[in-house]
């Protein structure tokens, strides 16, 4: 980075602001960290955003985002889901990359790995969820592997997550969840 390269700040919250209004229990909140990350967005400019992740995964997230920045892999934006009133659908529709969100897995009563800060969703518009009934979320998204910001199995970022013990939603049987990475 050159000294005169401007960084566009997409998110600059403190931890209290980033978790405001969540219904997560105290023991989960105590296990979380707020991580500042740098990335290039689709405008070709360097941006700074934030993720709330499980503290045990903080190093993985920092290092993977360093790779994302180095590769200039475009990322829409990275803003804690509180900015979307904890609405996952709204966050995805805005092409927001996120992690912690205390919620259940869509269509179930089971807590999502996002509830523990152990999942990261990157570029949901380029990397949507495709359900067995062909419903795609977010609405209007399309999975086109040749488009910028899209993941495929051989992508260096996908491979780095897997090397570190994360699971990629593109490898899930059903639904295909191309934006989703989780570490059990």
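Tabulated values for the structure
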{"read-out": "Isotropically averaged projected area of the stretch 3-89, using the convex hull of Cα atoms (one quarter of hull area), nm²", "value": "6.3"}
{"read-out": "The stretch 45-110: radius of gyration and largest Cα-Cα distance (Dmax), Å", "value": "13.1, 40"}
{"read-out": "Pairwise centroid distance, computed over Cα atoms, of the stretch 12-81 with the stretch 83-97, Å", "value": "14"}
{"read-out": "Sites residue 109 and residue 135 - FRET efficiency at Förster radius 22 Å, r taken between beta-carbons, to 0.05", "value": "0.65"}
{"read-out": "Ordering of 77-88, 35-46 by burial proxy (mean other Cβ atoms within 10 Å per residue, highest first)", "value": "77-88, 35-46"}
{"read-out": "Relative contact order (%) - the stretch 1-52, alpha-carbon pairs under 8 angstrom, separation at least six", "value": "47"}
{"read-out": "Mean Cα-pair separation over length for the stretch 8-182, i.e. relative contact order, pairs under 8 Å, 6 or more apart, %", "value": "18"}
{"read-out": "Calculated [θ] (222 nm, deg cm²/dmol) that DSSP helices of n ≥ 4 give over the chain, each run adding -39,500 (n - 2.57)", "value": "-5000 deg cm²/dmol"}
{"read-out": "Residue exposure sequence - 34, 67 - by fewest surrounding Cβ within 10 Å", "value": "67, 34"}
{"read-out": "Computed FRET value (nearest 0.05) for residue 67 with residue 20, which takes r as the C-beta separation and R₀ as 41 Å", "value": "0.85"}
{"read-out": "Linear extension gain, residue 55 paired with residue 4, 0.36 nm per residue minus alpha-carbon span", "value": "15.1 nm"}
{"read-out": "Packing-based ranking, highest mean first, of 163-170, 115-122, 143-150 given that Cβ atoms within 10 Å are counted", "value": "115-122, 163-170, 143-150"}
{"read-out": "Values of log10 I(q)/I(0), in the order q = 0.18, 0.20 Å⁻¹, for the stretch 123-184 under a Debye, Cα-only, solvent-free model", "value": "-0.59, -0.72"}
{"read-out": "Gained length - residue 172 relative to residue 42, 0.36 nm times residue gap less alpha-carbon distance", "value": "44.1 nm"}
{"read-out": "Compactness of the stretch 8-182, expressed as Rg and Dmax over alpha-carbon positions, Å", "value": "14.8, 42"}
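All of the numbers you see were taken from the coordinates with simple rules; none came from a lab. Keep in mind the model is a prediction, meaning the values are calculated, not measured. Ideal geometry is used to build each Cβ from the backbone, glycine not excepted, and the neighbour counts take in all protein chains shown.
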